[in-house]
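Engineer: Before I ask anything, let me first share the structure, which is written out below as structure tokens.
Derivation of every value follows stated rules applied to the coordinates shown; laboratory data play no part. Note that this is a predicted model, so its numbers are computed, not measured. Because the Cβ atoms are built from the backbone with ideal geometry, glycine has one as well, and the counts that use them run over all protein chains shown.
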Amino acid sequence: HAPVVADRSALQDPLLTLSKVLVDSLDTTRIKQALGAEPAKGAQSLALLEQYINELDGPADAIQPLRDLQTLRSKGGFAHYSGRSADDVLARIAGDARTSSEIFDHICRRLLDALNLITMTIEAASRPSGPALTPPNAPS
């Protein structure tokens with residue numbers, strides 16, 4: 001759930017948990033098995049997932065919210081909480097959100113949209129002649 005205090009440090013644990021659940025838990029072995037082309041040497045989970053989604057002709061930016069979450073975790077400073085670096089990353093990713101709960105809500109909504117795009121891509125590829133993908137919240 002969203003942080004209930006205004007302090008930005010209240011974001012640390014929920015965002016680390018999201019990163020562990022959504023990025024660290026990706027089964028790279030299964031993704032590699034599903035790929036049509038050989039992955040780049042040393043490709044990590046998000047690169048593998050991105051390659052898979054690209055092979056399925058999915059949206060080019062479907063993985064970006066997951067990458068942003070991982071950036072917050074590593075370079076953004078949440079893994080080693082480093083002040084200014086984390087502030088810069090949050091400012092780029094959080095949009096107009098300012099409070100901890102608004103930032104968390106914004107990030108979660110982007111992650112849900114990304115997961116929906118990924119799911120739609122895989123489902124469409126599984127159908128013999130699936131309909132064109134329409135991103136969530138996109139005008140019809």
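Engineer: As an exercise, use a Förster radius of 25 Å and the Cβ-Cβ distance of residue 71 and residue 123 to find the FRET efficiency, rounded to the nearest 0.05.
Structural biologist: 0.35
Engineer: Continuing with this model, one more query. Need the full-extension length gain, residue 91 to residue 47, defined as separation in residues times 0.36 nm minus the C-alpha distance. One decimal, nm.
Structural biologist: Here the answer is 13.4 nm.
Engineer: Label residue 24 and residue 115 with points 7 Å out from Cα along Cα→Cβ: what is the distance between them in nm?
Structural biologist: So the label points at residue 24 and residue 115 sit 1.7 nm apart.
Engineer: Between residue 54 and residue 6, what is the label-point separation in nm under the 7 Å Cα-to-beta-carbon projection?
Structural biologist: Output for this residue pair reads 4.4 nm.
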